[in-house]
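This report refers to the structure that appears directly beneath it.
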Amino acid sequence: MAGLDKNIWIIANWKSNKTISEALDWVSQVGPKVPKKDNLKIVVCPTFSSLSEVKKAITVGNFPILLGAQDLSPFGAGAYTGEESAGLLNQLVELAILGHSERRKDFGETDEMVAEKTQQALGNNITPLVCIQGEETPMPEGCQMVAYEPTWAISTGLTNTPGAGKADTPEGANKMASLLKQKYGSNLKVIYGGSVTASNVKGFVIEENINGVLVGNASLDVEEFIEICKLASQ
Ligand code: PGA
């Protein structure tokens, strides 16, 4: 594992999926089966509507899973209809995915907004996980953890025949991670995301500069996600 952080991060991004009862079902099945290891950091990022119930279920079950949000407001609390501010979310989550390419593409999120969101997260004890699409994406000030997610690699994993996903290669992702660490410092944690499944996760996490994986589609499936966690922790 790379840099000073010896942890392996497995971060589940559910996107706009799962009802509350589906979310609780997932927690009750995944929670008891994932490895409990100090250096394995498993984070689940449900929709806002499930956060509170998922938090309770994780706490009651004493499962080794942290909670994250998929976004947060670029503003503080106040008259911002529809927004979830970091000062409210920090009662529930420890991490927030920011600047995902789907938010940039479908919701017009700009680099400036991502920078504001990062400041909101940092000021409210939430770890920002900033998604970058390549070396050219600007790095918000204070950011210590990025997800390198090439847009062409997203959501091809489980929808195609096994092995046919268009994930980046571990070598390609490691090269990008190494470049980012040279540019922003070796303390930067670099997570790879884009069509990660149980069949390719091991290749990514053994790379020297990769600190973990961000898993979309494959995290929705209980057995697949448990397998990903087990393989990554070996
Ligand atoms: P995917 O999504 O694993 O389905 O490719 C990853 C992401 O978009 O974070």
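Taking (1) over 22 Å from Ala147 (Cβ atoms); (2) polar (S, T, N, Q); (3) in contact with a Cys (Cβ under 9 Å, 6 or more places away or on another chain) in turn, Gln70 satisfies each apart from (1).
Among the residues that make up region 94-105, is at least one of them open to solvent by less than 30 Å² (accessible area, probe 1.4 Å), under 22 Å from Glu149 (Cα atoms) and basic (Lys, Arg)? No, region 94-105 has no match at all. Among the conditions (1) within 30 Å of Glu116 (Cα to Cα); (2) out of contact with any Lys or Arg (no Cβ under 9 Å at 6 or more places or on another chain); (3) within 16 Å of the ligand (Cβ to nearest atom); (4) not in a loop (DSSP other than H, G, I, E, B), the only one that Leu179 does not satisfy is (3). Just wondering, is there one or more residues in region 199-216 that are surrounded by 18 or more Cβ atoms within 10 Å (Cβ to Cβ), in contact with a helix residue (DSSP H, G or I) (Cβ under 8 Å, 6 or more places away or on another chain) and hydroxyl-bearing (Ser, Thr, Tyr)? No, region 199-216 has no match at all.
Any residue at all in region 209-222 that is at pLDDT 95 or above, more than 13 Å from the ligand (Cβ to nearest atom) and within 27 Å of Leu24 (Cβ to Cβ)? There is at least one residue in region 209-222 that is at pLDDT 95 or above, more than 13 Å from the ligand (Cβ to nearest atom) and within 27 Å of Leu24 (Cβ to Cβ). Scanning region 136-171 for residues that are at pLDDT below 90 and within 22 Å of Asp106 (Cα to Cα) returns Pro150, Thr151, Trp152, Ala153, Ile154, Ser155, Thr156, Gly157, Thr159, Lys166, Ala167.
When region 101-121 is limited to residues that are under 17 Å from Gly87 (Cα atoms) and of a type in the set (D, E, K, R), the one that is nearest to the ligand (Cβ to nearest atom) turns out to be Lys117. Residues that are more than 14 Å from the chain's Cα centre (by Cα) and within 30 Å of Gln182 (Cα to Cα) within region 209-227 comprise just one, Asn209.
Of Thr110, Thr47, Thr59, which residue is out of contact with any strand residue (DSSP E or B) (no Cβ under 6 Å at 6 or more places or on another chain) and more than 20 Å from Ala12 (Cβ to Cβ)?
Values: Thr47 fails: more than 20 Å from Ala12 (Cβ to Cβ); Thr59 fails: more than 20 Å from Ala12 (Cβ to Cβ).
The conditions single out Thr110.
The values are calculated or read from the model by the stated rules, or taken from the named source; none is laboratory data. This structure is a prediction, so every number in the text was calculated from the model and none was measured. Note that we place each Cβ from the backbone using ideal geometry, even for glycine, and neighbour counts take in every protein chain shown. Areas reflect the complete protein model, heavy atoms only, side chains present, ligands, DNA and RNA absent. Shrake-Rupley method; radii C 1.70, N 1.55, O 1.52, S 1.80 Å.
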